[in-house]
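Encoded as structure tokens, the structure appears first; notes follow it.
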Amino acid sequence: MPSGSLPVTLRLTGRRVLVVGGGRVATKRVRAFLDAGADVVVVSPEASEPIAALAASGELVWHARGYTTSDVDGAWLVQTATGSAVDDQVAADAEERRIWCFKGGDPEAATAWMPAVARADDVTVSVCGGGDAGRAKRLRDEVALSLDTGGLPLRHRTRHPGGRVALIGGGPGDPDLLSARGRRLLAEADVVVVDRLAPLAVLDKLDPDVEVVDVGKHPDHHPVPQEEINQILIEHARTGKVVARLKGGDPYVFGRGGEERLACEAAGVPVEVVPGVTSAISVPAAAGIPVTHRGVAASFSVVTGHDQLAQLPVGGDHTIVMLMGVRRLATTTAELIAAGHSPDTPVAVVERGYAPDQRVTVGTLADIAEKAAAVGATSPAVTVIGDVVPLSPHWP
Ligand code: SAH
């Protein structure tokens, strides 16, 4: 049996659409038609504030009077939403002239149905609920969520112009901590350029023909120089590909995201930066350590083990979070003590935050280096120094 309907996309730019009525439904539809670029004419003795404002600013034409049959002349499409018998008249007039007509609250008598729509960039999914608008909306919401969270295959299948780069903060390693926007951009990517500390589990979900480039940096061993990474991003984008640069944590926290962005911009490649959950805050949290805590610490610094540590505020009420450099702990703790930090300041070393084999070692500035060495602590690890550390359940 034929379905009796054909889903289509109407290209309304510059084409007249008549809206009869000025209430809630009419207002919603007016917005949709304007968004589609239509030349909108509203006929209604009264209109909502938004419609009046759009008329005042010249974005549509509003005739503040009752409907007459000749109003449908010249329209490509008609929406009637007066909630009165006028709707039947409009529908009949439109039918006679073979103009498609949406009819508010009366799908059976309408010649056109408005689908519920989900959009992600240039992709549009229209849902028709068989005349049940609420049903269509619920379905649309689910589709929209899947689109937004990268659950649907958004990738272009044919070559397209418009290569670009997305610098995506992947969070501390657990795929659950990657943002919805990051996931969506990954679902669109033709090429994914990854670091060692990125949430690598998400790569399993990519299409088999997505190119994955591993530029992972290991401590004391940098396989791909930064300059070359920049070139990889730019060159792929220039061939029209969508490039996802998936990094650990946040791109702008010791992630060289700023450099990559500037390089892309300098090469004229559009680039978007998606923030990520930084390990500087989340890895302490994984060990139950808040970097600030009312009455305990009100500020924090994020540094690397290679840093000049001498100018950091002295006192356990200023939390110090140290990324990298776990193997240089003996030197850094000695430097901090020499700079006036109390040897009793609590310290935690959190290795492999959020991984099943996460390990937390606690001590003080005086003994943490020895304790970490005793357990063989290695990168990746975050070291937290300050009075917030004893808030951890790992503190004895
Ligand atoms: N841009 C990243 C940091 C890059 S520097 C961010 O915002 O998190 C790399 C350092 O991050 C590692 O040496 C380690 O100190 C820390 N790190 C990242 N992920 C980690 C994890 N899951 N567990 C412990 N440390 C981590």
| Listed residues 318, 156, 63, most fluctuating in the chain (Gaussian network, C-alpha, under 10 Å) | 63
| request: Mind checking which of 78, 48, 129 is farthest towards the positive end of region 1-146's charge dipole, using Cβ charges of +1 (Lys, Arg) and -1 (Asp, Glu) about the Cα centre? | output: 129
| Charge dipole (the chain, unit charges on Cβ, about Cα centre) - positive-most of 201, 116, 146 | 116
| field | Of 184, 157, 138, the one that fluctuates the most in a GNM where the chain has Cα springs shorter than 10 Å | value | 157
| task | With r as the distance between the Cβ atoms of residue 294 and residue 367 and R0 = 22 Å, compute the FRET efficiency 1/(1 + (r/R0)^6) and round to 0.05. | result | 0.20
| note | Partner lysines whose C-alpha sits under 27 Å from that of residue 371, ignoring same-chain residues fewer than 8 away, are 217
| task | State whether region 64-106 is rounded, prolate or oblate according to the following rule on the C-alpha gyration tensor (a ≥ b ≥ c being the square roots of its eigenvalues): a/c under 1.5 gives rounded; otherwise a/b larger than b/c gives prolate, and the remaining case gives oblate. | result | oblate
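Expected output is a single nm value to one decimal: the length gained when fully extending between residue 232 and residue 117, i.e. 0.36 nm times separation in residues minus the C-alpha distance. What is it?
Working: separation 115, 0.36 × 115 = 41.40 nm, distance 3.64 nm.
37.8 nm is the gain from fully extending residue 232 to residue 117.
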| Choice from 34, 200, 233 showing the highest fluctuation, given a GNM over the chain with Cα pairs closer than 10 Å | 34
| field | Segment residue 137-residue 73, length gained on full extension (0.36 nm per residue, minus Cα span) | value | 19.8 nm
| note | Here the longest stretch of the chain that holds no GluC sites (Glu not before Pro) in a DSSP loop having at most 13 other beta carbon atoms within 10 Å is 60-396
| field | Gain upon complete extension [residue 180, residue 65; 0.36 nm per residue less C-alpha separation] | value | 36.7 nm
| Which percent, to the nearest 5, of DSSP beta bridges fully inside the chain are antiparallel? | 35 percent
| task | Once you have a ≥ b ≥ c as the square roots of the Cα gyration tensor eigenvalues for region 281-391, tell me rounded if a/c is under 1.5, and otherwise prolate or oblate according to whether a/b is larger than b/c. | result | oblate
| note | Rounded to one decimal in nm, the spacing of the 7 Å Cα→Cβ label points at residue 49 and residue 314 is 6.0 nm
| request: Sum -39500 (n - 2.57) across every DSSP H segment of at least 4 residues in the chain, then divide by the residue count to get the 222 nm mean residue ellipticity, nearest 500. | output: -8000 deg cm²/dmol
| remark: Per the C-alpha gyration tensor (a ≥ b ≥ c, the square roots of its eigenvalues), region 93-144 is rounded if a/c is under 1.5, else prolate if a/b beats b/c, else oblate; here it's oblate
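Work out the length of the dipole vector of the chain about its Cα centre, built from +1 on the beta-carbon of each Lys and Arg and -1 on the beta-carbon of each Asp and Glu, and round it to the nearest 20 debye. Working shown, then result.
Values: 38 positive and 48 negative charges, 92 e Å.
So the dipole magnitude of the chain works out to roughly 440 debye.
We did not get these values from a lab; they are worked out from the coordinates using the rules stated. Since this is a predicted model, take the numbers as computed values, not measurements. Ideal geometry is used to build each Cβ from the backbone, glycine not excepted, and the neighbour counts take in all protein chains shown.
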